[in-house]
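Since the structure comes first, as structure tokens, the remarks are kept for the end.
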Amino acid sequence: MKKILLTVLLASTLQFAFSQNFYDRSTIQLIEIFFASPTWDAQLDAAAINDAFIIADSVRINGVVYDSVGVKYKGNSSYNPNNNKNPLHIELDYIHGSYDYQGYTNLKLQNGYQDPSMIREVLSYAVLEQYMDCPKANFANVYVNGTLRGLYSNAESINDKFNAEHYYSENGTFFKCNPIGGAGPGGGGISPDLKWINTDSVSYYNGYELKSTYGWSDLVNLINVLNNNFTQIESVLDVDRALWMLAFNNVLVNLDSYSGAFRQNYYLYNDLNDRMVPTIWDLNMSFAGFPGGTGSGAYTATTLDPMSNSTSANHPLILKMLGNPMYKRMYMAHLRTIVQEIFASGDYLNTANSIRTTIDAAVQADPYKFYTYTQFQNSLTTSVTGGGPGGGTSIPGIQQLMSARVSFFSTNSNYILSAPTITAYAASNLSPILGETIYITATCTNENQVYLGYRFDHPLKFNRILMYDDGLHGDGSAGDHVFGVAVTMTAAVMEYYIYAENNLAGIFSPQRAEHEFHTLLVNAPIAVVGNVVINELMSDNFSTAFDDFGESNDWIEFYNTTSSALNLSGLFLTDDVLNVTKWQFPVGSIIEPNGFLIVWADMDTLQNGLHANFKLSNGGESLYFTNGTSVFDLIDFPALNPDQVYARCPDAGTFTYSTPTFAAANNCYLQTDEINGDFVSVFPVPVLDILNVKTNFEGEKNVKLIDLNGRLLASYIFEENVLVISTLDLSPGVYHLLVETESQLLQKTIIKY
């Protein structure tokens, strides 16, 4: 567990610090910064010229103290050296790499610039989180050297931790899409607009900030495909999240974004599917608080058209997406969903008023707020002109704006197009067994075409396939508006959605797809005593195996002793005999016949997959597998060296020291060193049809292909330096490849489309 420095505090203060979630919207966090120098403001201003940190003596968050912390002013238009209240970036681990607060190392604090309501950022993220992955946000009172500087909005940083939790890896290409040198655009006249320049990545340097150690070629490839080979766009971009981003920006008149004049304030991350995923950032000027406009001439916020910038060469993402008939229909379906669920229903007002109640006293007490308390009180229903940093800029009341937006959409020609309806959806068998082929059906009206989007592993992209109304696909009679398609249950859980369209409009089921989806679980009996055992474990994994996030954590292998798939959902694993229900297997934890299942003991419970809320002790301890009352298996394991395992030999047999065989049949011979990864390469990853395994080792090599449940799918023995494997028969998903020599073993993770 990461270490933090604690001051001596009252028990009640400690309880406050750790009982609340740092981004709980119903709370106001307390952040206190202490500088030794009384000229700290001038030092921060001087450092801001180079976007640099200065070192605070300490920072105290809800009573928890961290010494030697990096602090800097951030922001573009929201920062001004004459401000008494500037936006802040606090980096807890700037000096001490082990520092974090509830797992968070970076704090991003906005000062309420251009927002008399003070809630634009927090309310906007509260809306956005219902449709795509985005930062969490709430508020914090900030003190410097014991003096209140005011109330700030507090938004989660988009960083490696965020990418790992939402996109299931943290080592991919990662860009902050803001122009270097600030908006306007930045140096060299380059904006992060995704416009094609040429193949030289240097040409894009001033428009995008690389946050990973590599990746310019990925960005150039995305821009090339978007502009010059658009038919392949789904291979390089998460199109659905891009459409949600554009729909959100339009509905909320969020123009300090890609949809505005500067085409900025978003991130791109290259996920496990080798696609760039957009994440929206910086919503403090949402709800028409941004004075820069759309970049395509004059506009009126209340009547911003859904097709805004659809013909703009400066906005190729919008130009190309809305120029594609299907994507345009999907975009409008998403836009209608946001309008109807959030704004026409008035749902946002419940959230807005709850937030306003939470911060009311803090706003009134803020000594350096940009607007008066009266303006804050009236900011939902009344436009504010003057009184803030924007001078004579008129900022609409949020409710005033959105009521007018709802009225505008009700008569907009693209909005009112008649979409299909999806009146029902079903699976031919609600409890299929593993490997069974079933039919998914959808009953529709006013449709021309219907599609099924499905996947068998949550981190993977959805496959979208056509459904049929021909009487041959489990769909009843031909022409009865019931559409069907066959799907084989190749994994424990299938996530899916339906999309129907006609020539004018489209609709999703569920309407928040792909962010939300329907789920179908295979039917497998719950394991009982003797069915499943703890088969192998490693308490100090240095380089033997890596999870989907690229982390080498402790792991525990389970083995199914039976010839039937079994369900571990609801069973428990613990290292504490006084807390036998410490960690529960989640729904969908299926172990295949005579197969293996890996649980990562890493305390990373926010990560997708099987991640327990405890770690294993290097010095040895006891491990219990239970149903909450009865012990299914109990292991007392000894102290283990790095990359050493304690395993049953043979499987389900007697425990001993052994060679690591991650998610595979145990090898009962003395442990040997693992092959250095530099001597084996596996490509391409992700793979479509052909996988190459290249090694510099001479002699016989054994290669095993294993799925995530530990089932051995194929085994190859070869003596040449290159092995070519056909993956045409593999279902899309994540797999492990084990490359073994006479005494050495290497594990690689691959993805199959």
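The values are calculated or read from the model by the stated rules, or taken from the named source; none is laboratory data. Computed from a predicted structure; not experimentally measured. Here the Cβ is made from the backbone with ideal geometry for all residues, glycine too, and neighbour counts use every protein chain on show. Side chains included, ligands, DNA and RNA excluded: accessible areas come from the protein's heavy atoms. Shrake-Rupley method; radii C 1.70, N 1.55, O 1.52, S 1.80 Å.
Structure summary
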| read-out | value |
| --- | --- |
| For the chain: relative contact order, % (alpha-carbon pairs under 8 angstrom, 6 or more apart) | 8 |
| Dimensionless Rg/Rh of segment 271-393 - Kirkwood Rh, Rg from C-alpha atoms | 1.03 |
| Estimated FRET transfer efficiency when R0 is 25 angstrom, pair LEU472-ASN503 (beta carbons, to 0.05) | 0.50 |
| Distance in nm between pseudo-label sites at GLN340 and GLU621 (7 Å out along the Cβ direction from Cα) | 5.1 |
| Lys, Arg +1 and Asp, Glu -1 on Cβ, resulting dipole of segment 135-186 about Cα centre, debye, nearest 20 | 200 |
| Distance between modelled label sites at VAL202 and ASP57, nm, 7 Å Cα→Cβ extension | 4.8 |
| Leading residue at positive end of dipole, the chain (Cβ point charges), from PRO432, LEU640, PRO593 | PRO432 |
| Helix runs (DSSP H) in the chain reaching 27 Å along axis by Cα, Kyte-Doolittle at least -1.0 | 347-365 |
| Added length on full extension, which subtracts the Cα-Cα distance from 0.36 nm per residue, LEU728 to THR351 | 130.8 nm |
| GLU129 versus ASN523: modelled label distance in nm, points set 7 Å from Cα along the beta carbon direction | 3.8 |
| Residues THR372 and ASN80, FRET efficiency given R0 of 22 Å [Cβ-Cβ distance, rounded to 0.05] | 0.70 |
| Selection from LEU728, PHE409, TRP583 lying farthest towards where the dipole of the chain points positive, charges on Cβ | PHE409 |
| Per-selection Kirkwood Rh - segment 516-581 (Cα, Å, 1 d.p.) | 14.6 |
| Among SER212, ILE750, SER622 the positive-end extreme of the charge dipole of the chain (Cβ point charges) | SER212 |
| DSSP loop GluC sites (Glu not before Pro) with at most 11 other Cβ within 10 Å excluded, longest remaining stretch of the chain | 1-697 |
| Kirkwood Rh and Cα Rg combined as Rg/Rh, segment 342-416 | 1.06 |
| Net charge dipole size for the chain [Lys, Arg +1 and Asp, Glu -1 on Cβ; Debye, nearest 20] | 2520 |
| Segment 37-97: Rg to Rh, with Rh as the Kirkwood radius over Cα pairs | 0.97 |
| At 1.567 mPa s and 4 °C, Stokes D of the chain from Kirkwood alpha-carbon radius, µm² per second | 46 |
| Within the accessible area of the chain (1.4 Å probe), percent carbon and sulfur | 50 |
| Dipole magnitude of segment 177-238, debye to nearest 20 (Cβ charges: Lys/Arg +1, Asp/Glu -1, about Cα centre) | 140 |
| Those residues of segment 274-301 whose amide nitrogen sits under 18 Å from the label point placed on THR411, 7 Å along Cα→Cβ | 300-301 |
| Cβ-Cβ FRET estimate between ALA361 and ILE465, R0 fixed at 60 Å, reported to 0.05 | 0.65 |
| Equivalent ellipsoid semi-axes - Cα gyration tensor, segment 544-675, angstrom | 21, 17, 16 |
| Among the listed pairs LYS176/LYS461; LYS615/LYS694; LYS72/LYS320, those beyond 28 Å (Cα-Cα) | LYS615/LYS694; LYS72/LYS320 |
| Alpha-carbon centroid distance for the pair segment 534-613 / segment 278-319, whole angstrom | 46 |
| Å³ per residue enclosed by the Cα convex hull of segment 8-161 | 127 |
| Segment 62-148 - convex hull of the alpha-carbon atoms, volume per residue in Å³ | 135 |
